[in-house]
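The values are calculated or read from the model by the stated rules, or taken from the named source; none is laboratory data. Since this is a predicted model, take the numbers as computed values, not measurements. Note that we place each Cβ from the backbone using ideal geometry, even for glycine, and neighbour counts take in every protein chain shown. Side chains are part of the model used for accessible areas, which takes the heavy atoms of the whole protein and leaves out ligands, DNA and RNA. Shrake-Rupley method; radii C 1.70, N 1.55, O 1.52, S 1.80 Å.
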Amino acid sequence: MRSSVAFLRLLAVACLLVLSACASIPLSTALRLSSLDEKAVHQLDPAGIGVRVSVPRGNEVDVAGTRLKLELQPEGAPALVADMQLRLLGTTEEERSVGLFSANVPVTTYELALTQEGVRQLRQVQAQMLKGTGPVKFGFSVNTPFSKMVPGIQEITFWSDLKLRSNDAYMPLIDGAKLKFTFKDS
């Protein structure tokens, strides 16, 4: 009975907690993304896109539920959305910084790439984008549910990084954001 309650709590957290890149986007990333135009987005090679998600050790990311979302808003047209599934390339144990005067946090970092379905979705949005006749606003976000959390945890620090080309360095989308949550039994 106790494990089923814990599972329900974990499931509730996974359903309630979807992280968005707008939570804590660094200025350097905002400037880098603002320099991209429609042509650059249209020419993105799906094989070069990568996502890294880092969480404090003992917590686990639900890779199957993790998505990279690209939302394009052509002027005067409906939004185009690619909600792209990711696959695991590997994990590493490392430390991430939470600030100049704080100790580094031991984390598990998940390195992810687009699945074949994610590639298809990106290509579909890129093709639709060509039909537009004007400027396009766009944004990236990473939605990450957890599959396991340290018992009793009420706050977690989270990092999410994105690269758009295979030879690019990762840029932080969410840089050490502290997230608080409440568990609800279903």
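A few points about this structure:
- Given (1) at pLDDT below 75; (2) within 14 Å of S147 (Cβ to Cβ); (3) open to solvent by less than 60 Å² (accessible area, probe 1.4 Å), number of the condition T29 does not satisfy: (2)
- Total residues in the stretch 78-102, condition in contact (Cβ under 8 Å) with a residue 24 or more places away in the chain, assigned to a strand (DSSP E or B) and not basic (K, R): 11
- For the stretch 154-178, the set of residues classified as over 30 Å from P74 (Cβ atoms) and open to solvent by 30 Å² or more (accessible area, probe 1.4 Å) consists of Q154, E155, K178, listed by residue number.
- All told, R120 falls short of being of a type in the set (K, R) and open to solvent by less than 50 Å² (accessible area, probe 1.4 Å).
- Of the residues making up the stretch 66-77, just one is touching a Gly at 6+ places or on another chain (Cβ under 9 Å), part of a loop (DSSP other than H, G, I, E, B) and open to solvent by less than 70 Å² (accessible area, probe 1.4 Å), namely A77.
- Some residue of the stretch 131-139 being within 15 Å of P74 (Cα to Cα) and of a type in the set (F, W, Y): yes
- The stretch 106-135: number of residues that are under 16 Å from S54 (Cα atoms) and without any contact (Cβ under 8 Å) to a residue 60 or more places away in the chain: 5
- Out of L80, L100, L88, one residue alone is of a type outside the set (S, T, N, Q), closer than 22 Å to L164 by Cα and open to solvent by 60 Å² or more (accessible area, probe 1.4 Å). It is L88.
- Scan of the stretch 48-65 for residues that are of a type in the set (K, R) and crowded, with 17+ Cβ neighbours inside 10 Å, ordered by number: R52
- Considered as a group, the residues in the stretch 130-149 that are open to solvent by less than 40 Å² (accessible area, probe 1.4 Å) and assigned to a strand (DSSP E or B) include one that is modelled with the lowest pLDDT, and that residue is V136.
- Sub-7 Å Cβ pairs linking a first residue in the stretch 151-163 that is outside any strand (DSSP E or B) to a second residue that is open to solvent by 30 Å² or more (accessible area, probe 1.4 Å) and at pLDDT below 90, at least 6 apart or interchain, are Q154/K180, ordered by first then second residue.
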